[in-house]
Amino acid sequence: MNKALETLKERGFFQQCTDVDALSKLMDEGPVTFYVGCDPTGPSLHIGHMVPFFALRHLREAGHRGIALVGGGTARIGDPSGKTEMRKMISYEEIDRNSESILKQLDRFIGFDSETAYSDNNKNWLADLNYIDFLRDIGSQFSVNRMLTFEAYRKRMETGLSFVEFNYQLLQSYDFYQLNERHGCALQIGGDDQWGNIVAGIELIRRMNGNQAFGLTFPLITTSDGKKMGKTEKGALFLDPAITTPYDFFQYWRNVTDADTRKFLLLFTFLPVSEIDGLMAGNVNAAKERLAYEVTALIHGKEEADKALAGAKAAFGGGGDKASMPTVEMDRSRFEAGIGIIDLFVEAGLALTKSDARRLVEQGGAAVADSPVADVKAVIGADRLDADGEVVLRAGKKKFVRVVSK
């Protein structure tokens, strides 16, 4: 097998391939142009979206050329794959803003150089399509019976599939055809929920210009307990620091289970496999800390990773810098007058509601300056502030906030 494909397989990216032997031979002969797409249905990617882009970097490192395709056109419809109901339609202006935001995130992670990696937007060829011509030229190449055999459509037929969504496979297939014509793109990569769309694109290319194209999918990543990877109490683990702070991003990886650590090191870092095995042979908590640092540095930069690491060390008693911890400011007068433990934890962001805070205290999960607080009527005064006018609050074993009084 081609070395680049072996790398993907060894690191856990390999799920299905349309013709692995022929693709391997093609990749041995020289650089292959490939693409991965994402629809800008929101302002930020989350970590689940990033699996194919990590694969893109591995393939580029092996000498192949990657295209990151932003679906400014397909987002106007929405992909039914993996969805139980139709996506909410958003305005074209919002899609354009989302596209710009996502391209910046991808550029920071990939580094588009217009030679080994570049971006495109399917709005460029989808926005002004003539519907009648598209039906004659492209729609005529598709069998409805064949489309309904794909899992994405079969599942949605049970709950209701709109005609708008039914067109999505034609548009994604047309993307692959356009990239094949424009850039010689011969390979599409993506999550395994895209298998039907990818295969349809390959067939369209064969019918339209006779070229051979390939598809390679990756497993949909779940944690060892079967949950969707990247899910947190606050929702998905987003790349936008305004939605998921670098510290919270770091803490997600620091707190993964032992069983998931090696898998995530392989998928979400570029550390050599031998180094990963060495980490796993040692202290698993040190391996988790390295995982958290590496992924945070890749997504947010080394400076933010250093700050998150320092904040985590301070929070967990291993030195570090308290200034790097998640921090909220409160008026000192609140402490001088005495603030109830329930209000304090809600205002500090460690509980969403007073009921959540009450439960936390009653269950013994609340601490102020390392001292547990079990009384829901407890009042925290200025005497609990340190010499700098600060206090660290803890919710459970993993969530900390530094409160600074002004």
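Just so you know, all these numbers are worked out from the coordinates, no wet-lab data involved. Computed from a predicted model, the values in this text were never measured in an experiment. Positions of Cβ are generated from backbone atoms using ideal geometry, with glycine treated the same way; all protein chains shown enter the neighbour counts.
For N255 and A374, FRET efficiency with R0 = 30 Å and r from the beta-carbon atoms, rounded to 0.05?
Computed FRET efficiency for A374 and N255: 0.80.
Which of the following values of P(r) over Cα pairs in 20 Å bins from 0, in percent was calculated from the structure shown: (1) 24, 48, 23, 4; (2) 26, 53, 20, 1; (3) 27, 58, 14, 1?
Only one listed value fits the structure, namely (1).
Could you state the number of Å between the C-alpha centres of segment 349-406 and segment 7-54?
45
Any number yet on Rg/Rh for segment 231-320, C-alpha, Kirkwood?
Using only Cα positions, Rg/Rh for segment 231-320 is 0.95.
In this model, which of K263/K313; K228/K288; K354/K399; K313/K399; K377/K398 are farther than 21 Å apart at the alpha-carbon?
Flagged as over cut-off: K263/K313; K377/K398.
Using only DSSP helix segments of four residues or longer, with each worth -39500 (n - 2.57), what per-residue ellipticity at 222 nm results for the chain after dividing by its residue count and rounding to 500?
About -13500 deg cm²/dmol.
What three numbers, in Å, describe the spread of the alpha carbons of segment 291-406 along their principal axes, ordered from the longest?
In descending order, the Cα extents are 44, 29, 22 Å.
Kirkwood-based Rg over Rh for segment 174-281 (C-alpha set), two decimals?
Looking at segment 174-281, the ratio lands at 1.11.
First measure r as the distance between the Cβ atoms of K398 and F270, then evaluate 1/(1 + (r/R0)^6) with R0 = 25 Å and state the FRET efficiency to the nearest 0.05.
The pair K398/F270 has a calculated efficiency of 0.40.
Go through K231/K307; K3/K307; K88/K302; K123/K307 and tell me which ones have a Cα-Cα distance over 29 Å in this structure.
K3/K307; K88/K302; K123/K307
Based on the Cβ-Cβ distance of D21 and D128, what FRET efficiency does E = 1/(1 + (r/R0)^6) give at R0 = 56 Å, to the nearest 0.05?
After rounding, the FRET efficiency stands at 0.90.
Length gain on complete extension for the stretch R206 to M1, per 0.36 nm per residue less the alpha carbon to alpha carbon distance?
71.4 nm
Taking N as the number of residues in segment 3-218, what value does Rg over Cα atoms divided by 2.2 N^0.38 Å take?
Taking N as the residue count of segment 3-218, the ratio is 0.97.
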